[in-house]
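Engineer: This is the structure I have questions about; it appears just below.
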């Protein structure tokens, strides 16, 4: 998912 | 993971280490805003709640733990161990003026209306403005020690590098997250004035002093 990818950032 | 993202994370880590070294070596937290440090602790706790729900990578988990632990260590040094050196009078920024609007904004503008997601969004908005009490403190006292300046420069660079990371990810992966980009841009803009003073003064060996 597009937004989920942001959660691997800090 | 790309080079900008890694550089951003390392810059963030460097900032935190510089701050702890400054407090520990000088046995003093003079010139550091406890209010900003409280906000950063709130940011890390509300953002990294996914530590208990989702495993992303060992790197991710370790860095999150380091950020949370070090922010509480900083608070301990400031409010307990070196309490006597804390600059109460100048650190007068009202943090509820940042906490409440960020929370309301997170309730209104988020990727999905679930507790974890709203808190993640809240942390992104809050991080963007969490440095304001610190910048306010510097402007009130009119100066900053050089190590405090290095800390602020590393902390500001971190989000600027993340902006480059997001540009890279947009072209390389087609990934973008408007909430993070918008907040990250605001966060970086807030540091611009400081970046200018840092480059024109601190890097030339002068103390960071604001014009009277």
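Please treat every number below as a calculation from the coordinates, not as lab data. Nothing here was measured: the structure is a model prediction, and the numbers come from that model. So basically every Cβ, Gly included, is an ideal-geometry build from the backbone, and we count neighbours across all protein chains shown.
Engineer: Using only DSSP helix segments of four residues or longer, with each worth -39500 (n - 2.57), what per-residue ellipticity at 222 nm results for chain B after dividing by its residue count and rounding to 500?
Structural biologist: Calculated mean residue ellipticity at 222 nm is -23500 deg cm²/dmol.
Engineer: How would you rank B:72, B:122, B:40, going from fewest to most other Cβ atoms within 10 Å of each one's own Cβ?
Structural biologist: Fewest-to-most Cβ neighbours within 10 Å comes out as B:72, B:122, B:40.
Engineer: Residue B:209 versus residue B:85, label points 7 Å from Cα toward the beta carbon: distance in nm?
Structural biologist: 2.2
Engineer: Hey, another quick one. Expressed as a fraction of 2.2 N^0.38 Å, the rule-of-thumb size for a compact globular protein of N residues, what is the C-alpha radius of gyration of region B:1-153?
Structural biologist: This ratio for region B:1-153 stands at 1.08.
Engineer: What's the FRET efficiency of residue B:52 with residue B:109 using the Cβ-Cβ distance as r and R₀ = 30 Å, to the nearest 0.05?
Structural biologist: It comes to 0.75.
Engineer: Please work out, to two decimal places, the log10 of the ratio I(q)/I(0) at q = 0.15 Å⁻¹ from a Debye calculation in which every Cα of the protein assembly as shown carries one identical scatterer.
Structural biologist: -1.01
Engineer: Measuring from label point to label point, each 7 Å out along Cα→Cβ, what is the residue B:168 to residue B:10 span in nm?
Structural biologist: Each label point is offset 7 Å from its Cα along the Cβ direction, giving 1.1 nm.
Engineer: What ranking do B:45, B:104 get, fewest neighbouring Cβ atoms within 10 angstrom at the top?
Structural biologist: B:104, B:45
Engineer: At residue A:5 and residue B:17, where each label point lies 7 Å from the Cα along Cα→Cβ, what is the point-to-point distance in nanometres?
Structural biologist: In this crude spin-label approximation the distance works out to 3.0 nm.
Engineer: Where Rh denotes the Kirkwood radius from the mean inverse Cα pair distance, what is Rg over Rh for region B:90-172?
Structural biologist: Rg/Rh: 1.06.
Engineer: What does the convex hull of the Cα atoms come to per residue for region B:126-208, in Å³?
Structural biologist: 83
Engineer: Here's a follow-up. Nearest 10 degrees, 0 to 90: what angle lies between the long axis of helix B:58-76 and the longest principal axis of chain B (Cα atoms)?
Structural biologist: The helix B:58-76 is inclined about 30 degrees to chain B.
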